[in-house]
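Reviewing the structure listed below.
The values are calculated or read from the model by the stated rules, or taken from the named source; none is laboratory data. This is a predicted model, so every value here is computed, not measured. Because the Cβ atoms are built from the backbone with ideal geometry, glycine has one as well, and the counts that use them run over all protein chains shown. Side chains included, ligands, DNA and RNA excluded: accessible areas come from the protein's heavy atoms. Shrake-Rupley method; radii C 1.70, N 1.55, O 1.52, S 1.80 Å.
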Amino acid sequence: MSLKSIAPGIVLALLAVAAPAMASDYQLLFLLQLLMMIALAQSWNLISGMTGYVSLGHTAFFGVGAYAGALLLQWGFPWWLAIFKGAGIALLVAAPLGVLTLRLRGPYFAIAMLGLNEIGRLVATLWVDLTQGGDGIPLSPARLPTLLQNYYTMLTLAVLATSLIAWVRYNRLGLELRAIREDEEAAEMVGVNTTRNKVIAFALSAVIPGAAGAVYAFYTSYIDPVSVFAPALNIQMIVMVLLGGSGTVWGPVIGAVLVRTLHELTWAQFPALHLALLGVLIVAIVLFLPKGILSLAPWRRRVRPDRAPGSP
Amino acid sequence: MKRIHFLLAGFGVGIALASAGVPAQTKEIVVGTSVALTGKYARTGQEQLNGFQLWVEDVNRRGGLLGRKVRLAYYDDESKPDTGAKLYEKLITGDKVDLLIGPYSSGVTLAASTVAEKHRFPIISAGASSSKIWARGYKNVFGLYTPATTYMDQILALAKEKGLKRVALIHADTAFPRDVARGVEASAKRLGLELVFKEEYGKASTDFAAMILKIKALKPDVVVGGSYLPDSTAFMRQAREYQLYAKIFAFAVGPGLPDFGPNLGAIAEGVMGNSQWEPTLNLPGVKTFAKQYEQRYGHVPGYHAAGGYGAGQVLEAAVKMTRSFDRDKLRRALLKLDTTTAFGRYKVDATGMQLGKPGYTVQWIGGSRHVILPPSVAARKTTYPFKPWDKR
């Protein structure tokens, strides 16, 4: 990787670091949500964009992290530790699950993940003594981190997620993952340990949503099963990744910026319209731009998968 | 370098758009709120918004607040707590509104009120009844809805008045019914009624046979349910099947809804329930509001609409009392205020929880539901006792 290829990322990150000095609290919250979507979209990108295994239940990890974070904060853990543990618990859920479900191929994996999210939602709803059931958990403001702390944590997560994608993509693991996406049997034949690679990608892709879920709980100050185990959030991740460019480093970032900005522009004036727009966008991408916006960029034509490992 | 420009442009657009909120800086008074226009509470959200808007029109016709014109600033919170929290940040710091009204649903209110508390901005909660909201020690959330814990108070007082003793309590295992049940226990104790049976059931239960047989053996005078529509309907149907009799049957949510009677037919006759508000309430301003609302929007207002209108009236009363828009003065006024709006009485306790507004009691009489308690607002007399099953 050359300096030139990571320069835009550094500039963006520096801008985001400086943003609180210029932005109002509301603008900061907008950016915070944008960063959260970047982190989530990148996580989805890691498993689904890279390997082609479509996860319809990545919000399960988000929800697990949110509940873990909220409960730990209530039990007296400092907020940053609650975030770490939220991520850790998401990882603990994902690893064994990956071993089991990633043997499923095609639509079966997608359905299994959808089921996982539903199970998470049901557990959070029915385990009333722990989670307070359907009314959710309000968090005491005295323990909550400040908006600025939440913002920088989410920024860190977005940067980590993007760096992780960049690192994996220009690494042997990334090449092998894309080999799995193109033809899993052929990849296996040439010696790629497909199950191990898939499980690693899956486990890594669960950590960031786990941490992001905890931060979500902190900046919202309240969670309930429906708002964190939300299939609509998962759909947003997918749209952002597909819009920008699946399996790429910058695609999900571009997708997230566009979708959130579009949302911000239309939602206040036309509440119902932005949902319709999102629908139209999905259809349009699938029909006319299956490889995302980045596939339009002329300088990308020379980047071919077979040149990826160790390419300058 | 092209790539840098491309990405920077995207990011810049994001920031620019986020800052595009338009602060209105005329002399008008801006009342800020978030409304559920999309998402799961969209229907009730729209009704609530109608109520707000009707109040804004009325107050402007009356000359505004302290002579200044009132404008409503609202955004769609998508029925989501995180959007709600973001919007109240926007209303307070971006739009710099003068007064705040809370969102619909306990969930969004829990998130939004944390933001209001952070800015020490008093907020009238016009759509939440969870007691959790007022258990957090906040100083800026003022409730309008009757809290679930006081729902059954009127009915238990009636039981006491009629010389009844034995109360059987059943309730679903979620927060709202649990709140109702906690209230029943406390009130029964206060009134000297004996709680002979208490059992919790899963929210989705519709088979109450075993429970009913146990209750029947205890011969209660009153059967009270912390319940929703499906469970209260099923319970009454099976109560008739097993000939469980009590002088009063009352349920928190089911009988207050229009479907209860048609679903049960003759079985519904005499069953009592609770309601936040009814257009037939015998209170000043209720009939005018209901008529005006129906003319304007073409349907009879539900309690969400009335709550929206009432929230505006409470703000109006507080501003009149303090003759200012100062937040500290308003907070003190909202704690002291004792007024009656088209939604009912407003009088909160030291935490801001609503205590003045009673749980209105309705009863199914002759195939339709009528407000029967408290007597001061009742449109019809209570039918008592519950008619025995063999005489129907």
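List of remarks:
- Approximate spin-label separation residue B:196-residue A:22, in nm, with each point projected 7 Å along Cα-to-Cβ: 7.4
- Residues listed by number, segment B:42-76, amide nitrogen under 11 Å from residue B:27 label point at 7 Å toward C-beta: B:67-69
- Local charge for residue A:133 was computed over the other residues whose Cβ lies under 14 Å away, with Lys and Arg +1 and Asp and Glu -1, and equals -2.
- Think of each Lys and Arg Cβ as +1 and each Asp and Glu Cβ as -1; about the Cα centre, that makes the dipole of chain A roughly 920 debye.
- For the residues of A:22-35, the average number of beta carbons from a partner chain within 10 Å of their own beta carbon is 6.
- R0 of 35 Å, Cβ-Cβ distance residue A:183-residue A:7: FRET efficiency to nearest 0.05: 0.50
- Rough spin-label spacing in nm, given labels placed 7 Å along Cα→Cβ, for residue A:273 and residue B:139: 4.3
- Exposed-loop-free span, longest in chain A, where chymotrypsin sites (Phe, Trp or Tyr not before Pro) count as exposed if DSSP calls them loop and at most 15 other C-beta atoms lie within 10 Å: A:128-312
- Lys, Arg +1 and Asp, Glu -1 on Cβ, resulting dipole of chain B about Cα centre, debye, nearest 20: 720
- Residues in segment B:155-189 that a label on residue B:214 would reach, taking backbone N under 20 Å of a point 7 Å out along Cα→Cβ: B:166-175, B:177-186
- Its residues counted as N, segment A:3-307 yields a C-alpha radius of gyration over 2.2 N^0.38 Å of 0.98.
- Percent accessible area from carbon and sulfur atoms, the protein assembly as shown, protein chains only, probe 1.4 Å: 62
- The equivalent ellipsoid that matches the C-alpha gyration tensor of chain B spans semi-axes of 42, 23, 19 angstrom, in descending order.
- Axis of helix A:273-288 versus longest Cα principal axis of chain A: the two differ by about 20°, to the nearest ten degrees.
- Once A binds B, the 1.4 Å probe can no longer reach about 4000 Å² of accessible area, counting both sides.
- Placing R0 at 51 angstrom, the Cβ-Cβ distance between residue B:320 and residue B:391 gives a FRET efficiency of 0.40 after rounding to 0.05.
- Low-density loop positions, trypsin sites (Lys or Arg not before Pro), segment B:61-166 - DSSP coil, at most 10 other Cβ in 10 Å: B:62
- Additional length obtainable on full extension of the chain from residue B:61 to residue B:355, 0.36 nm per residue less Cα span: 102.8 nm
- In segment A:64-162, trypsin sites (Lys or Arg not before Pro) in a DSSP loop with at most 13 other beta-carbon atoms within 10 Å: A:103, A:105
- Among the trypsin sites (Lys or Arg not before Pro) within segment B:288-362, those in coil by DSSP and having at most 16 neighbouring Cβ atoms inside 10 Å are B:323, B:347.
- Efficiency of FRET from Cβ geometry, residue A:128 and residue B:297, R₀ 35 Å, rounded to 0.05: 0.35
- Other protein chain Cβ atoms within 10 Å, averaged over every residue that makes up B:82-92: 5
- Per residue value of the accessible surface for the protein assembly as shown (all protein chains in place, 1.4 Å probe), Å²: 40
- Helix content alone sets the calculated 222 nm mean residue ellipticity of chain A: runs of n ≥ 4 DSSP H residues at -39500 (n - 2.57) each, divided across all residues, give -23500 deg cm²/dmol.
- Fluctuation leader among A:217, A:142, A:70 - chain A, Gaussian network, Cα springs under 10 angstrom: A:142
- Charge tally in the Cβ shell below 14 Å around residue B:137, where Lys, Arg are +1 and Asp, Glu are -1, residue B:137 excluded: +4
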